[in-house]
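The values are calculated or read from the model by the stated rules, or taken from the named source; none is laboratory data. If you're wondering where the values come from, they're calculated on a predicted model, not measured in any experiment. When we count neighbours, we look across all protein chains shown, and the Cβ atoms used for this are built from the backbone with ideal geometry, even at glycine. Side chains are part of the model used for accessible areas, which takes the heavy atoms of the whole protein and leaves out ligands, DNA and RNA. Shrake-Rupley method; radii C 1.70, N 1.55, O 1.52, S 1.80 Å.
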Amino acid sequence: MARGGLAVEEDARPVRVEGVVRPPGDKSITHRVLLLSALLRAPVVLAHALTSADARSSARVLRQLGVAISPLATRRRVRVTGGPWHAPKSVLNCGNSGTTARLMLGALAAHPFPARLTGDASLRRRPMRRVTDLLTRMGARVEEHGGDGLPLTIHGGALNGIQFESPVASAQVKSAVLLAALTGRVTVTVTEPARSRDHMERLLRFLGLPIDVTGTTVRLEGQGFRPSDVPPLDLEVPGDPSSSAFLVAAALLAEGGELKLERVGVNPTRTGYLRVLARMDAAVHREAVGEVAGEPMADLVVGPADLRGTDVSAEDIPSLIDEIPVLAVLASRSHGETRFRSVGELRVKESDRLSLLAANLRAVGARAEVQGDDLVVEGRRNPPRGRVETAGDHRIAMAFAVLGTVPGAAVALSERRSVQISYPSFFADLERIGAR
Ligand code: S3P
């Protein structure tokens with residue numbers, strides 16, 4: 001009776017994943033709206049902002065610079081009242097959040113005071129020169145305190161514009177220099193090897209700034225930025241497609257039921273996972289529900305699917321970079337092989353996701369290996385069983401928690417707390433939709 005003809009030992013009822021969930025607010029957009037609002041003069045009120053640990057890191061750091069931000073609490077609107085930033089009295093702790101650290105560096109580059117940034121052990125291991133080298137070229141001075149990473153001190157000041165080709169498709173790098181151009185009132189032109197998420201571009205355009213996008217090149221003329229010209233704003237943050245992907249995966253792996261996810265962001269630079277799922281024979285139905293600040297949203301409806309492996313190309317990667325853990329887990333339950341090409345960037349995420357994914361898939365009896373910069377996963381039918389090391393990485397924890405909902409599975413996670421980083425109600429939502 002069970003999926004794939006497996007005998008279910010603990011619980012013979014088929015797993016039905018059903019119900020309606022509104023996933024938490026988008027993490028990338030929440031960081032960006034908090035930061036941009038902090039540079040304006042009129043208040044910005046946000047509905048459905050993410051309230052997770054990473055979002056709180058951005059809010060905390062901005063408050064240290066003199067910005068007024070009401071508490072980030074579930075179902076409460078957040079009010080941001082920006083103003084001129086002042087020198088922080090203490091170190092800016094970005095916690096686990098790479099986006100906070102890199103975007104703050106960009107925004108601080110034009111502010112005429114020193115600011116020291118640090119983070120938790122995971123963030124301190126992540127490369128920062130990909131951002132600080134560019135900010136240095138723009139005229140900021142960066143003092144490293146032990147190599148390519150945090151802690152470091154940025155001494156901001158007058159900036160000059162730059163034009164550069166980024167070797168990595170990174171929205172954090174791109175957003176950092178756009179923020180430097182905006183606050184430094186200079187022009188920057190960034191060309192990426194492939195298009196990374198474009199939330200910053202959409203927000204800047206929404207604010208009426210002269211941003212031009214041609215292919216993978218973005219140009220911003222920051223000279224015209226007048227913080228007091230922007231009127232008070234009331235914005236809704238779309239549901240996070242990356243958080244939604246875990247629930248979509250639970251519904252795909254179930255034996256019955258239908259799950260609806262409400263008001264999820266479907267910006268094409270974030271929905272690569274839906275395009276890959278379609279190739280894997282998983283039909284996720286979407287119904288458009290409107291647009292906020294240039295960001296399209298849709299309700300997603302999904303049920304069980306018989307998946308098949310696919311080839312994920314290097315060009316696909318930037319639009320699904322954060323979904324690789326959950327796609328790899330789905331690949332392990334698909335017919336045939338899935339290859340994720342050129343995913344070396346996974347080595348410098350919250351953990352070394354490339355080796356951790358392969359090792360954890362093997363630890364639960366799946367077949368996976370790293371070949372150069374590729375991750376290769378072969379689908380199997382045996383129930384996943386074993387212990388998973390999350391290394392404190394929220395997306396590894398959630399991906400393998402979803403794998404643990406497969407009938408007959410027994411997947412033990414080394415910890416579950418890390419879901420607080422991006423999706424605090426993840427386990428409650430998983431239980432509510434019937435995944436177990
Ligand atoms: C993010 C960009 C991506 C992504 C991260 C969030 C952002 O990182 O992995 O979770 O909000 O800009 P990179 O820009 O380093 O690829």
For the stretch 195-217, does any single residue satisfy the condition of being open to solvent by 10 Å² or more (accessible area, probe 1.4 Å), more than 25 Å from Arg126 (Cβ to Cβ), assigned to a helix (DSSP H, G or I) and within 16 Å of the ligand (Cβ to nearest atom)?
yes
Considering only the stretch 414-428, state which residues are outside any loop (DSSP other than H, G, I, E, B), open to solvent by less than 20 Å² (accessible area, probe 1.4 Å) and either among the polar types (S, T, N, Q) or free of Cβ contacts under 8 Å to residues at least 12 places away in the same chain (or both).
Ser418
Taking the stretch 106-133 and keeping residues under 20 Å from Leu178 (Cβ atoms) and touching a strand residue (DSSP E or B) at 6+ places or on another chain (Cβ under 8 Å) leaves Leu108, Ala109, Ala115, Leu117, Met128, Thr132
Looking at Asp322 and the list (1) part of a helix (DSSP H, G or I); (2) open to solvent by 40 Å² or more (accessible area, probe 1.4 Å); (3) of a type in the set (Asp, Glu), which single condition is not satisfied?
(2)
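Here's the yes/no breakdown for (1) closer than 15 Å to Ser28 by Cα; (2) among the aromatic types (Phe, Trp, Tyr); (3) part of a loop (DSSP other than H, G, I, E, B):
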position	(1), (2), (3)
Leu46	yes, no, no
Leu50	yes, no, yes
Ala55	yes, no, no
Arg63	no, no, no
Ala73	no, no, yes
Gly83	no, no, yes
Lys89	no, no, yes
Thr99	yes, no, no
Just checking, how many residues over the stretch 127-149 are within 16 Å of the ligand (Cβ to nearest atom), open to solvent by less than 10 Å² (accessible area, probe 1.4 Å) and not polar (S, T, N, Q)?
4
Please state which one of Val264, Val237, Val276, Val248 is over 23 Å from Ile421 (Cβ atoms), touching a residue at least 12 places away in the same chain (Cβ under 8 Å) and among the β-branched types (Val, Ile, Thr).
Val276
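I'm checking my understanding of the structure. Among residues of the stretch 65-116 that are of a type outside the set (Gly, Ala, Ser) and within 16 Å of the ligand (Cβ to nearest atom), which one is nearest to the chain's Cα centre (by Cα)? Let's see the steps before the verdict.
Of all residues in the stretch 65-116, those of a type outside the set (Gly, Ala, Ser) come to 65, 67, 69, 71-72, 74-81, 84-86, 88-89, 91-94, 96, 99-100, 102-105, 108, 111-114, 116.
Narrowing the set further to residues that are within 16 Å of the ligand (Cβ to nearest atom) leaves 94, 96, 99-100, 102-105.
Working: Cys94: 15, Asn96: 12, Thr99: 9, Thr100: 12, Arg102: 13, Leu103: 13, Met104: 16, Leu105: 18 Å.
Step by step, filter the stretch 65-116, then rank; the result is Thr99.
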Restricting attention to the stretch 334-378, the residues that are over 18 Å from the mean Cα position of the chain (by Cα), farther than 15 Å from Phe400 by Cα and not in a strand (DSSP E or B) number exactly 6
How about the stretch 371-400: which of its residues are in contact with a strand residue (DSSP E or B) (Cβ under 9 Å, 6 or more places away or on another chain), surrounded by fewer than 18 Cβ atoms within 10 Å (Cβ to Cβ) and farther than 21 Å from Ala254 by Cα?
Gln371, Asp374, Arg387, Glu389
Restricted to the stretch 150-185, and to residues that are within 16 Å of the ligand (Cβ to nearest atom) and in a loop (DSSP other than H, G, I, E, B), which residue is surrounded by the fewest Cβ atoms within 10 Å (Cβ to Cβ)?
Pro167
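If you take the residues in the stretch 68-101 that are open to solvent by less than 10 Å² (accessible area, probe 1.4 Å) and out of contact with any His (no Cβ under 9 Å at 6 or more places or on another chain), which one is farthest from Pro114 (Cα to Cα)? Even if it seems obvious, please write down each step before you answer.
Let us first name the residues in the stretch 68-101 that are open to solvent by less than 10 Å² (accessible area, probe 1.4 Å), namely 78, 80, 92, 94, 97-98, 100-101.
Narrowing the set further to residues that are out of contact with any His (no Cβ under 9 Å at 6 or more places or on another chain) leaves 78, 80, 92, 94, 98, 101.
Working: Val78: 28, Val80: 23, Leu92: 11, Cys94: 16, Gly98: 20, Ala101: 15 Å.
Within the stretch 68-101, the match that is farthest from Pro114 (Cα to Cα) is Val78.
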